[in-house]
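Below is one structure, written out as structure tokens, with a few remarks after it.
The values are calculated or read from the model by the stated rules, or taken from the named source; none is laboratory data. Because the structure is a prediction, the values reported are computed rather than measured. Cβ placement follows ideal geometry from the backbone for every residue including glycine, while neighbour counts extend to all protein chains displayed.
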Amino acid sequence: MTLGHADRQGDLLDDVTRFCDDTLSEMSIYSVLHRERDRLFPDEMFADLYEDTGRRSVPPSVVATVMVLQRLAGLSDRDAVERYTFDARWRYAAGVGGYDGTGWDRFAHTVLVEMRSRLAKSQRPRRIFEVTLDAASKAGLVGAKRVLDSTPLYDAVVILSISFDHRGDLGGHVEDGVVDVTGRSC
């Protein structure tokens, strides 16, 4: 399989591109990937993974973008490819635009499997992670700051509200919930 190349010029008349340009925040992950994809994941960065003959691959810059979004969303390969196929934001981030037949409308989930396999056998198996981490660090998104995921707190509140008995008495469950959420007792 030979190295596929993404369209770097884009289509100013593409409906998906115009829609996302107009509606997404400039700092959304989709906009950042759309703007920086060719710099972060140039197809040539993956040239060592491909042969000189054979059919063209899905452009590695497109696959790498899908892999980053897949990791952020916590999706399976099949779900990630489905999201890429039907979600305009993912298509925008990957630089493929709409569905007019000029870009990569879709690809099989096995393309992601194959890319991970090729990367694992290479001299730089973590190159997508390294580039993403470097970009996030430069943007100030990695460091001493911490973000609290409120999901455990919401779960604890739901569990506590279910724990009320018929008199509205928690019977010590509040302390149990606080221990579970914070890791220390009251």
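Within region 25-63, can you find the residues that are among the hydrophobic types (A, V, I, L, M, F, W, C) and in contact with a Lys or Arg (Cβ under 7 Å, 6 or more places away or on another chain)?
Kept after step one, since they are among the hydrophobic types (A, V, I, L, M, F, W, C), are these residues of region 25-63: 27, 29, 32-33, 40-41, 45-47, 49, 58, 62-63.
Listed by number, the residues that qualify are Met45, Leu49.
Are there any pairs, at least 6 apart or on different chains, whose C-beta atoms fall under 9 Å, with the first in region 115-137 and in the same structural domain as Val66 (by TED's automatic domain parsing) and the second of a type in the set (Gly, Ala, Ser) and at pLDDT 95 or above, and if so, which?
Met115/Ala64; Arg127/Ala64; Ile128/Ala64; Val131/Ala64; Thr132/Ala64
Within region 6-109, which helices (runs of 4 or more DSSP H) (wholly inside it) include 2 or more residues that are modelled with pLDDT under 90? Reasoning before the result, please.
Working: elements: 15-23, 29-40, 60-73, 77-86, 88-94.
Those helices (runs of 4 or more DSSP H) span 15-23.
Take the residues in region 57-112 that are within 17 Å of the chain's Cα centre (by Cα), under 21 Å from Phe19 (Cβ atoms) and of a type in the set (S, T, N, Q), then tell me which one is surrounded by the fewest Cβ atoms within 10 Å (Cβ to Cβ).
Filtering region 57-112 for residues that are within 17 Å of the chain's Cα centre (by Cα), under 21 Å from Phe19 (Cβ atoms) and of a type in the set (S, T, N, Q), the one surrounded by the fewest Cβ atoms within 10 Å (Cβ to Cβ) comes out as Thr85.
Any idea which of (1) farther than 18 Å from Val113 by Cβ; (2) among the charged types (D, E, K, R); (3) under 15 Å from the mean Cα position of the chain (by Cα) is the one Asp48 doesn't satisfy?
Every listed condition holds for Asp48 apart from (3).
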